[in-house]
Amino acid sequence: MQNTLGKLFTICEWIMKLAYVNLLWFLFTVAGLIVFGFMPATVSLFTIVRKWQMKHTEVPLWDTFLSIYKKEFFKSNLLGFILVICAGFILLDLHFVNGLEGVLQLLFFVPLLIISALYFITLMYLFPVYVHYDLRVTEYLKNSCLLGILNLHLTLILAGSAGSIIIMLLYSPAFIPFFSAVSITWILMCGGMYSFRKIEAREKHRQREPFRHSGLSRHI
């Protein structure tokens, strides 16, 4: 009986933690006027989830979130600016392609579809890579894309899982303020950690490093 109550208490504690950190994500995103708050708030969220998945469960949530938010504010927003510019070019190209007809439209549409897929693959791995490795801004984009391509089966699983969560949240909007961002973050970070462990195991075997790895992380 005592063991069951202990497990129930642990489950309730984790539900509270997940809800609290999700609310922090909303709060800090709004505090940055959404446009400037989204990237550093998301980096902070991924940092905390990464710590949890590495068994650092007693993380001071408010202090950690605030510290990472301030530390990564400018760098993460620079990365976000690049992402917005890239998305803008893709949308402009899509508008241009829609104005074409016949074979010419198909000729331009296929490369645009591939570029769009690579963009979304990069987005899926970008934050896990950001909080796990200490790289230059452009290297985050390159390595995130490569990681997604090299683990294509995992990428498809992550996309399907994240999509399923989004659909469930749309049918249960009451859960959005409490579990929306953190649930997707948990899924993507799981995929990221799995990929990182594969890289580290491979590099131990080959005795060389493809990434400039900074120990456990600059955030740990």
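Computed from the coordinates by the stated procedures, all read-outs in this text should not be read as laboratory data. Note that the structure is predicted; figures quoted are calculated from it, not measured. Cβ: placed from backbone, ideal geometry, glycine included. Neighbour counts: every protein chain shown.
With a Förster radius of 22 Å applied to the beta-carbon distance between ILE11 and LYS55, the computed FRET efficiency rounds to 0.80.
Close amide H contacts of HIS56 (hydrogens built in the peptide plane, cut-off under 5 Å, sequence separation of 5 or more or a different chain): none are found. For the set LYS75/LYS142; LYS142/LYS204; LYS75/LYS204; LYS7/LYS51, the pairs lying more than 25 angstrom apart at their alpha carbons are LYS75/LYS204.
Based on DSSP H segments of at least four residues, each scored -39500 (n - 2.57), the chain has a per-residue ellipticity at 222 nm of -28500 deg cm²/dmol. Since only LEU188, PHE175, PHE89 are under comparison, the one whose Cα sits farthest along the positive direction of the charge dipole of the chain, derived from C-beta charges on Lys, Arg, Asp and Glu, is LEU188.
Among the trypsin sites (Lys or Arg not before Pro) within segment 2-72, those in coil by DSSP and having at most 14 neighbouring Cβ atoms inside 10 Å are LYS55. Distance between the 7 Å Cα→Cβ label points at TYR194 and VAL137: 3.2 nm. Shape descriptor for the chain: Rg over Rh equals 1.01 (Cα atoms; Rh from the Kirkwood inverse mean 1/r). Working from Cα pairs under 8 Å separated by at least six residues, relative contact order for the chain is 25 percent. What you get for the chain, charging only the Cβ of Lys and Arg (+1) and of Asp and Glu (-1), is a dipole of about 720 debye around the Cα centre. Extension gain, ILE115 to ILE90, is 8.2 nm, computed as 0.36 nm per intervening residue step minus the present C-alpha separation. Which helices, counted as full DSSP H runs in the chain, have an axial Cα extent of no less than 24 Å and a Kyte-Doolittle average of -0.5 or above? Qualifying helices, which must be both long enough and hydrophobic enough, are 2-31, 73-98, 102-132, 152-171, 176-206.
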